[in-house]
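*Asks:* So that we are looking at the same thing, I have put the structure below in structure tokens.
The values are calculated or read from the model by the stated rules, or taken from the named source; none is laboratory data. Note that the coordinates shown come from a computational prediction; the quantities given were computed from them, not determined experimentally. Neighbour counts run over all protein chains shown; Cβ positions are idealised from the backbone, glycine included.
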Amino acid sequence: MELRHLRLVKEVAEKGSLTRAMDTLYLSQSALSHQLKEVESQLGAALFHRVNKKLVLTGAGKIVLASAEKILKELEQAEMAVKKYASGGTGTVRIATECYTCYHWLPTLMVDYNREFPNVDIEIFPETTTDPVKHILDGRLDLAIVSRIVDNPNIQSTKLFTDELVAVIPADHPWTEKEYVNAADFAHEQVFIHSHPVESVTLFQRVLIPEGVSPKKVTAIQITEAAVEMIKAGMGVKVFARWIIEPYLSGNKLALIPVTKKGLCRSWYAITLSRPDPPQYLDNFIDHLKCNISGVCKVS
């Protein structure tokens, strides 16, 4: 059966005759009669019988009608969703991320998104990186990318991807003989972090603070390249996401080691202001985030 057959069965069942169905299906009575004979021949069963000049569904016709109503409704919903997605609308997406390193993939994302939705502007606000949740609640941001679930009824969170954090050390560091490192291993090391306070750093939040461990020294370095060079020089260690450090691994001067036996992973979320009817272009942007960052694409 084809969609035209399903539409025919539905319209004739509702109107009671081929003549009345003509106005809706925009076909002549002879063309509709031919379609009806065609589908009945394919199925090997009559779908209608005539009662007092009216076409009434047979048992087989009722089975087909039930499927037709379901399929045609789903098709209509799909068409509406695609049209809504494609229209996108006109507006501005103001975005920030709590991790400065994440900004490196934003240009590619912006190009990809604006190619499909040219009427939507994207503005990046790096100065709101330190507290993006507050700025969403204050109305200064539309979307932020964070590495935690925000426990606030006014915030909507959408999971994007999960990454692993690993300790990055010089290639000749004693840790290279270990399968993994625990909290106690950091006690005698200078640990580089991106920025203070240490309570906001995943390594400290989930590994060091719960174990009551304090490194020998903690130094904030916001430039990834500078931190990498200091690690190569044997001045300290740092915990990076694998995807951040991989571009710097050539030359065999660095080594990676898991943090804890179970590994140290974190999940990233796109957070927006919770509202009953968010702009379609904002939902579209989150779809593009999934495609560009994690390769997980969702159709709205």
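*Asks:* Within region 194-220, count every residue that is modelled with pLDDT under 95 and either in contact with a Lys or Arg (Cβ under 8 Å, 6 or more places away or on another chain) or of a type in the set (Ser, Thr, Tyr) (or both).
*Replies:* Number of matching residues: 3.
*Asks:* Right, next: Just checking: which of the helices (runs of 4 or more DSSP H) contained wholly in region 1-91 hold 1 or more residues that are buried (at least 17 other Cβ atoms within 10 Å of the Cβ) and in contact (Cβ under 8 Å) with a residue 40 or more places away in the chain? First the steps, then the outcome.
*Replies:* On the way: elements: 3-15, 18-25, 29-43, 59-87.
Helices (runs of 4 or more DSSP H) meeting the threshold: 3-15, 59-87.
*Asks:* Take the residues in region 236-273 that are under 26 Å from the mean Cα position of the chain (by Cα), β-branched (Val, Ile, Thr) and crowded, with 20+ Cβ neighbours inside 10 Å; name whichever of them is nearest to Ser147 (Cα to Cα). If you could, list the steps in order and put the result at the bottom.
*Replies:* The first filter runs over region 236-273 and keeps only residues under 26 Å from the mean Cα position of the chain (by Cα), leaving 239-247, 262-273.
Remaining after also requiring β-branched (Val, Ile, Thr): 239, 244-245, 271-272.
Retained after the next criterion (residues that are crowded, with 20+ Cβ neighbours inside 10 Å): 239, 245, 271-272.
Working: Val239: 15, Ile245: 17, Ile271: 10, Thr272: 14 Å.
Here the answer is Ile271.
*Asks:* If you take the residues in region 193-235 that are surrounded by 13 or more Cβ atoms within 10 Å (Cβ to Cβ) and touching a Gly at 6+ places or on another chain (Cβ under 8 Å), which one is nearest to Cys265 (Cα to Cα)?
*Replies:* Thr219
*Asks:* Restricting to region 140-159, count the residues that are in contact with a strand residue (DSSP E or B) (Cβ under 8 Å, 6 or more places away or on another chain) and surrounded by fewer than 14 Cβ atoms within 10 Å (Cβ to Cβ).
*Replies:* Filtering region 140-159 for residues in contact with a strand residue (DSSP E or B) (Cβ under 8 Å, 6 or more places away or on another chain) gives 140-150, 154-159.
Those left that are additionally surrounded by fewer than 14 Cβ atoms within 10 Å (Cβ to Cβ): 149, 154, 159.
Qualifying residue count, region 140-159: 3.
*Asks:* Report, ordered by the first and then the second residue, all pairs with beta carbons closer than 7 Å, sequence separation of six or more or different chains, a first member in region 275-287 that is in contact (Cβ under 8 Å) with a residue 24 or more places away in the chain, and a second member that is crowded, with 19+ Cβ neighbours inside 10 Å and acidic (Asp, Glu).
*Replies:* Partner pairs satisfying both residue conditions: Leu282/Asp142.
*Asks:* Looking at Thr158, Thr176, can you tell me which residue is within 18 Å of Ala270 (Cα to Cα) and either in contact with a helix residue (DSSP H, G or I) (Cβ under 6 Å, 6 or more places away or on another chain) or in the same structural domain as Phe240 (by TED's automatic domain parsing) (or both)? Outline the logic, then answer.
*Replies:* Numbers: Thr176 fails: within 18 Å of Ala270 (Cα to Cα).
Of Thr158, Thr176, the one residue that is within 18 Å of Ala270 (Cα to Cα) and either in contact with a helix residue (DSSP H, G or I) (Cβ under 6 Å, 6 or more places away or on another chain) or in the same structural domain as Phe240 (by TED's automatic domain parsing) (or both) is Thr158.
*Asks:* Then there is this: Does at least one position in region 144-154 carry a residue that is without any contact (Cβ under 8 Å) to a residue 12 or more places away in the chain and more than 23 Å from Cys291 (Cβ to Cβ)? Give the derivation first.
*Replies:* The initial filter retains those residues of region 144-154 that are without any contact (Cβ under 8 Å) to a residue 12 or more places away in the chain, namely 151.
If we keep only those that are more than 23 Å from Cys291 (Cβ to Cβ) as well, we get 151.
For region 144-154, residues without any contact (Cβ under 8 Å) to a residue 12 or more places away in the chain and more than 23 Å from Cys291 (Cβ to Cβ): present.
*Asks:* Something else about it: For region 153-173, indicate whether the set of residues that are touching a Ser or Thr at 6+ places or on another chain (Cβ under 9 Å), part of a loop (DSSP other than H, G, I, E, B) and either at negative phi or not charged (D, E, K, R) (or both) is non-empty. Walk me through it before giving the result.
*Replies:* Narrowing region 153-173 to residues touching a Ser or Thr at 6+ places or on another chain (Cβ under 9 Å): 153-163, 165, 169-170.
Then drop every residue that is not part of a loop (DSSP other than H, G, I, E, B), which leaves 153-154.
Next cut, either at negative phi or not charged (D, E, K, R) (or both) only: 153-154.
Checked against the condition, which is being touching a Ser or Thr at 6+ places or on another chain (Cβ under 9 Å), part of a loop (DSSP other than H, G, I, E, B) and either at negative phi or not charged (D, E, K, R) (or both), region 153-173 yields at least one hit.
*Asks:* Let me ask you something else. When region 196-242 is examined, which residues are found to be assigned to a loop (DSSP other than H, G, I, E, B), free of Cβ contacts under 8 Å to residues at least 40 places away in the same chain and touching a strand residue (DSSP E or B) at 6+ places or on another chain (Cβ under 9 Å)? Spell out the reasoning first.
*Replies:* First, pick out the residues of region 196-242 that are assigned to a loop (DSSP other than H, G, I, E, B): 196-197, 201, 212-216, 221-223, 233-236.
Applying the additional criterion that residues be free of Cβ contacts under 8 Å to residues at least 40 places away in the same chain yields 196-197, 201, 212-216, 221, 223.
Answer for region 196-242, where residues must be assigned to a loop (DSSP other than H, G, I, E, B), free of Cβ contacts under 8 Å to residues at least 40 places away in the same chain and touching a strand residue (DSSP E or B) at 6+ places or on another chain (Cβ under 9 Å): His196, Val201, Pro215, Lys216, Ile221.
*Asks:* Is there a residue being among the polar types (S, T, N, Q) and buried (at least 17 other Cβ atoms within 10 Å of the Cβ) anywhere in region 160-182?
*Replies:* Going residue by residue through region 160-182, those that are among the polar types (S, T, N, Q) are 162, 176, 182.
So of that shortlist, the ones also buried (at least 17 other Cβ atoms within 10 Å of the Cβ) come out as none.
No: region 160-182 contains no residue that is among the polar types (S, T, N, Q) and buried (at least 17 other Cβ atoms within 10 Å of the Cβ).
*Asks:* So, one more: Regarding region 94-112, can at least one residue be identified that is at pLDDT 90 or above and of a type outside the set (Phe, Trp, Tyr)? Full working, then the answer.
*Replies:* Pass one, region 94-112, residues at pLDDT 90 or above: 94-95.
Now restrict to residues that are of a type outside the set (Phe, Trp, Tyr): 94-95.
Yes, region 94-112 contains a residue that is at pLDDT 90 or above and of a type outside the set (Phe, Trp, Tyr).
*Asks:* What is the number of the single condition among (1) crowded, with 17+ Cβ neighbours inside 10 Å; (2) modelled with pLDDT under 90; (3) assigned by TED's automatic domain parsing to the domain that holds Val191; (4) hydrophobic (A, V, I, L, M, F, W, C) that Leu289 does not meet?
*Replies:* (3)
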